[in-house]
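**Q** If you scroll down you'll find the structure; I have some questions about it.
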Amino acid sequence: MTDNEFEQFLKSALAELWEKQDRLESEHGFASYSRWFFDQQTEKLEMFDAKDQKAVVADVIDIGSYASNSNTWKWAWSNDSVLPSLREKSESLKALADLTGIGLFTSEEAFSVENEHMAWELVAMSVRHLNAIGAYKAPSSSRPLSTFLAITGIRHL
């Protein structure tokens, strides 16, 4: 992929992601839930309403994590804190290296990114590659870290 082709790919992936994010909000109210829980064992993201009732369960693939204190990104497939079944599901993201010609998609170590916007760019390309319906940014309550999850299915309870 040439630099120009990559720029077009990235631009269209971002536009596609923002459309998907708007749909997640308008059709499923993702911003309205009072709390969330990501269960690695079941590979489900659970969303809870203001009465702390589970309202939505989403099938997810862990994409990676962004540390805002160091502006670094780590792919889920290379992260030992992610369960093996989830790491395996995200390994297909390595194919983005062949598609784009950019080696960071196969980096096993955490690497520097400019800011959170660049993390969202990685998410946009990943969501497109995984044919997901959107993404969820799951912030840690104890660290300056957010896990990004590709949403592949949603069930309302």
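Here is a yes/no grid of residues against (1) closer than 30 Å to residue 7 by Cβ; (2) small (Gly, Ala, Ser):
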| residue | (1), (2) |
| --- | --- |
| 32 | no, yes |
| 44 | no, no |
| 51 | no, no |
| 57 | no, no |
| 68 | yes, yes |
| 77 | yes, no |
| 94 | yes, no |
| 97 | yes, yes |
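**Q** A further question follows. Among 150, 138, which is touching a helix residue (DSSP H, G or I) at 6+ places or on another chain (Cβ under 8 Å) and either surrounded by fewer than 18 Cβ atoms within 10 Å (Cβ to Cβ) or assigned to a strand (DSSP E or B) (or both)? Spell out the reasoning first.
**A** Working: 138 fails: touching a helix residue (DSSP H, G or I) at 6+ places or on another chain (Cβ under 8 Å).
Residue meeting the stated conditions: 150.
**Q** Could you please tell me which pairs satisfy a Cβ distance under 7 Å, a separation of 6+ or placement on different chains, a first residue in segment 119-142 that is at positive phi, and a second residue that is part of a helix (DSSP H, G or I) and not basic (Lys, Arg)?
**A** Between residues of segment 119-142 that are at positive phi and residues that are part of a helix (DSSP H, G or I) and not basic (Lys, Arg), the close pairs are 134/21; 134/24; 134/127.
**Q** Would you call residue 1 assigned to a loop (DSSP other than H, G, I, E, B), hydrophobic (A, V, I, L, M, F, W, C) and surrounded by 12 or more Cβ atoms within 10 Å (Cβ to Cβ)?
**A** Yes: the conditions hold for residue 1.
**Q** How many residues are among the acidic types (Asp, Glu) and touching a Phe, Trp or Tyr at 6+ places or on another chain (Cβ under 7 Å) when one looks only at segment 109-157?
**A** Initial filter on segment 109-157 (among the acidic types (Asp, Glu)): 109, 114, 116, 121.
If we keep only those that are touching a Phe, Trp or Tyr at 6+ places or on another chain (Cβ under 7 Å) as well, we get 116.
So the count comes out to 1.
**Q** Return the total of residues in segment 118-145 being closer than 15 Å to residue 39 by Cα and either among the small types (Gly, Ala, Ser) or touching a Lys or Arg at 6+ places or on another chain (Cβ under 8 Å) (or both).
**A** Going through segment 118-145 one residue at a time, the tally reaches 2.
**Q** Look through 10, 24 and report the one residue that is modelled with pLDDT of 95 or more, surrounded by 12 or more Cβ atoms within 10 Å (Cβ to Cβ) and hydrophobic (A, V, I, L, M, F, W, C). If you could, list the steps in order and put the result at the bottom.
**A** Working: 24 fails: modelled with pLDDT of 95 or more.
Of 10, 24, the one residue that is modelled with pLDDT of 95 or more, surrounded by 12 or more Cβ atoms within 10 Å (Cβ to Cβ) and hydrophobic (A, V, I, L, M, F, W, C) is 10.
**Q** Tell me, please, whether a residue that is polar (S, T, N, Q), within 18 Å of residue 39 (Cβ to Cβ) and either in contact (Cβ under 8 Å) with a residue 24 or more places away in the chain or part of a loop (DSSP other than H, G, I, E, B) (or both) can be found in segment 90-106.
**A** Taking every residue of segment 90-106 in turn, at least one turns out to be polar (S, T, N, Q), within 18 Å of residue 39 (Cβ to Cβ) and either in contact (Cβ under 8 Å) with a residue 24 or more places away in the chain or part of a loop (DSSP other than H, G, I, E, B) (or both).
**Q** Identify the residue in segment 33-52 that is more than 30 Å from residue 99 (Cα to Cα), touching a residue at least 12 places away in the same chain (Cβ under 8 Å) and of a type in the set (S, T, N, Q) and, among all such residues, is surrounded by the most Cβ atoms within 10 Å (Cβ to Cβ).
**A** Result: 34.
**Q** Give the residue that is surrounded by the fewest Cβ atoms within 10 Å (Cβ to Cβ), with candidates limited to residues of segment 107-135 that are part of a strand (DSSP E or B) and under 9 Å from the mean Cα position of the chain (by Cα).
**A** 135
**Q** For the list (1) among the hydrophobic types (A, V, I, L, M, F, W, C); (2) in a strand (DSSP E or B); (3) touching a residue at least 12 places away in the same chain (Cβ under 8 Å), I need the number of the one condition that residue 6 fails.
**A** (2)
**Q** Scan segment 81-90 and tell me whether some residue there is polar (S, T, N, Q), at pLDDT 95 or above, over 15 Å from residue 128 (Cβ atoms) and surrounded by 13 or more Cβ atoms within 10 Å (Cβ to Cβ).
**A** no
**Q** Which condition breaks for residue 27 when tested against (1) within 22 Å of residue 156 (Cβ to Cβ); (2) touching a residue at least 40 places away in the same chain (Cβ under 8 Å); (3) not hydrophobic (A, V, I, L, M, F, W, C)?
**A** Against the list (1) within 22 Å of residue 156 (Cβ to Cβ); (2) touching a residue at least 40 places away in the same chain (Cβ under 8 Å); (3) not hydrophobic (A, V, I, L, M, F, W, C), residue 27 comes up short only on (2).
The values are calculated or read from the model by the stated rules, or taken from the named source; none is laboratory data. The structure presented is a predicted model; accordingly, all values stated were derived computationally and were not measured. Ideal geometry is used to build each Cβ from the backbone, glycine not excepted, and the neighbour counts take in all protein chains shown.
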